[in-house]
Amino acid sequence: MDGRVKRLEAAIQEYQRARKPTVFLLEDGSTFITEEDVFSYLVSHGVETPRGRIVAYPHGEGDIDSLSRSLYELIDDGIRRGGLSDLMGDLESDMV
């Protein structure tokens, strides 16, 4: 059991090292960088940052798969609406 826990911890640490930071575009044209993933940030903080309001999440517009396109659309819509906290509320109410 101890060996599996150590392997799992190592895998988590490797994932965290490989993960790229999230970059948002702010109203003034500057960027805001956070270590939180895009969904976690928008659920927790909405579109407000210590440096200004988020207006976009830069992502590829070229040849992307349909699942990625759907997630990008969800993110873009969440930014327009001020965050994703209402999405989490909708998901929780669906589970009741």
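The values are calculated or read from the model by the stated rules, or taken from the named source; none is laboratory data. Values in this document were obtained by computation on a predicted structure and should not be read as measured data. As a convention, Cβ positions derive from the backbone with ideal geometry for all residues, glycine included, and neighbour counts pool all protein chains shown. Areas reflect the complete protein model, heavy atoms only, side chains present, ligands, DNA and RNA absent. Shrake-Rupley method; radii C 1.70, N 1.55, O 1.52, S 1.80 Å.
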From the residues in the stretch 12-47 that are modelled with pLDDT of 95 or more and more than 14 Å from the chain's Cα centre (by Cα), which one is surrounded by the most Cβ atoms within 10 Å (Cβ to Cβ)? Leu26
On the basis of being open to solvent by less than 80 Å² (accessible area, probe 1.4 Å) and either at negative phi or among the acidic types (Asp, Glu) (or both), does Leu71 make the cut? yes
For the stretch 1-11, check the following and say yes or no: at least one residue is open to solvent by less than 80 Å² (accessible area, probe 1.4 Å), within 12 Å of the chain's Cα centre (by Cα) and not charged (D, E, K, R). no
Within the stretch 18-43, track down each residue that is touching a residue at least 12 places away in the same chain (Cβ under 8 Å) and either of a type in the set (Phe, Trp, Tyr) or within 13 Å of Leu84 (Cα to Cα) (or both). Phe24, Phe32, Asp37, Val38, Phe39, Tyr41, Leu42, Val43
Please find, within the stretch 74-86, the residue that is most open to solvent (accessible area, probe 1.4 Å) out of those that are assigned to a helix (DSSP H, G or I) and small (Gly, Ala, Ser). Ser85
Of the residues in the stretch 48-59 that are open to solvent by 60 Å² or more (accessible area, probe 1.4 Å) and not in a loop (DSSP other than H, G, I, E, B), the one that is nearest to Gly83 (Cα to Cα) is Glu48
